[in-house]
Amino acid sequence: MDIVASNRIANLKVTIDSETLTENILNEVGLLKNFDLAYPGSLKEGLEGLAFPTGSQVIGEKSLVFDIAQFTPLLNIYGAGTHKFIIEVIDQNGKSTIETLTLITQKKE
């Protein structure tokens, strides 16, 4: 997913709304259901381990790629479900845009 903010990114907030990715499961990979890639705090290591940009790789950028390729294999481990990644981009002028990336996993047979 390409993210563009002509007035440069100030925050890149992500909310994971998933039927199977519970807080406990997310904690196992160093994540929470809600985080800000611009200011990851204690989640920095887990986010970077999944190849997500953080901190200075986000703040002030006009565009970046939000790539969940390293994260998607985790979705299949926990069975069928709908997984929504609600992404809020806030630019340096305070303007906010929200988009949702929805992935559906099927039951393995």
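The values are calculated or read from the model by the stated rules, or taken from the named source; none is laboratory data. Bear in mind that the values here come from a model prediction, so they are computed numbers and not experimental data. Reconstructed Cβ throughout: ideal geometry from the backbone, glycine too, with neighbour counts over all protein chains shown. SASA here: full protein model, heavy atoms, side chains in, ligands and nucleic acids out. Shrake-Rupley method; radii C 1.70, N 1.55, O 1.52, S 1.80 Å.
Considering region 1-45, the residues that are open to solvent by less than 30 Å² (accessible area, probe 1.4 Å) and in a loop (DSSP other than H, G, I, E, B) include one that is farthest from Ile86 (Cα to Cα), namely Gly30.
Restricting Thr54, Thr97 to those that are in contact with a Pro (Cβ under 6 Å, 6 or more places away or on another chain) and of a type outside the set (A, V, I, L, M, F, W, C) reduces the list to Thr54. When each of Lys13, Lys44 is tested for being of a type in the set (D, E, K, R), modelled with pLDDT of 90 or more and under 21 Å from Leu101 (Cα atoms), the lone residue that passes is Lys13.
The set of residues from region 62-104 being in a loop (DSSP other than H, G, I, E, B), more than 16 Å from Gly30 (Cα to Cα) and open to solvent by 70 Å² or more (accessible area, probe 1.4 Å) comprises Lys62, Asp67, Tyr78, Gln92, Asn93, Lys95.
Hey, can you tell me all the residues within region 13-46 that are aliphatic (A, V, I, L, M), in contact with a Gly (Cβ under 7 Å, 6 or more places away or on another chain) and closer than 27 Å to Gln106 by Cβ? Val29, Leu31, listed by residue number. Within region 46-59, the residues that satisfy the criterion of being over 18 Å from Met1 (Cα atoms) and either in contact (Cβ under 8 Å) with a residue 12 or more places away in the chain or assigned to a loop (DSSP other than H, G, I, E, B) (or both) are Gly46, Gly49, Gly55.
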